[in-house]
Amino acid sequence: MKLFCALTLLAASVPAAVNPQLKQVTTVYILAMSGGMDQYLANRLTTMGVFQVVTDPQKADAIITDRLGEPFEAKLKELYPPPAPPPPPAPPVPAKDAKDDKDSKPVVPVEKTSKDDKDKTEDSGARRVGSFNHGRGNIFVVDRKSKNVLWSVYERSKDSTPGELSKTAERVVKRLRDDLTDKKQATN
């Protein structure tokens, strides 16, 4: 029993492991958030020197957002559109005989479509149920390239006054800074 208590205390005193990819992030782009929290986070991230906040999403290593799910994914596609597919190769042109030119009519290729193809929608992916559309108090750091959530915290504001939003942003950024420097949080 003493061994169990000792291991429990030891486990509680060890900080949670931080995603190593988070330590590679130097620049962040902050998406608009409810209540204007993005402005307060940008201010605190900058003044506390945790990350460099950029206004060009192309220069960001990561994205900071307060929601995940389909709206977030759509915003990522808008900010970082996938590369255009290469043009299809031109079909080979068959050689013609002089005899065929007199009697032949030009052939126009027709794309074959079935009735089932007309009923298909472009979005054939599965719909997600229960996305984090309005997660008040959740803040996520998402890797721009892999789209993995590197860090998250739940820190809800008591109200939406500027003073309280500023205090909440400060708590979020302090927690992020502490996690980046592997410091143990005093309060859980």
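Taking amide H atoms as placed 1.01 Å from N in the peptide plane, the amide H of residue 151 lies under 5 Å from those of 141, each 5 or more residues away in sequence or on another chain.
Using R0 = 22 Å, the C-beta based FRET efficiency linking residue 58 and residue 180 works out to 0.40. Computed over protein heavy atoms with a 1.4 Å probe, the carbon and sulfur contribution to the accessible area of the stretch 24-69 reaches 46%. Couplings for the stretch 71-88, taken from phi via the Karplus curve 6.51 cos²θ - 1.76 cosθ + 1.60 with θ = phi - 60°, read x, 5, 4, 5, 5, 4, 5, 5, 6, 10, x, x, x, 5, x, x, x, x Hz in order; Gly and Pro are left as x.
The values are calculated or read from the model by the stated rules, or taken from the named source; none is laboratory data. All of these numbers come straight from a predicted model, not from anything done at the bench. Note that each Cβ is placed from the backbone with ideal geometry, even for glycine, and that neighbours are counted across all protein chains shown. Quick note on the areas: whole protein, heavy atoms, side chains included, nothing else; ligands and nucleic acids left out. Shrake-Rupley method; radii C 1.70, N 1.55, O 1.52, S 1.80 Å.
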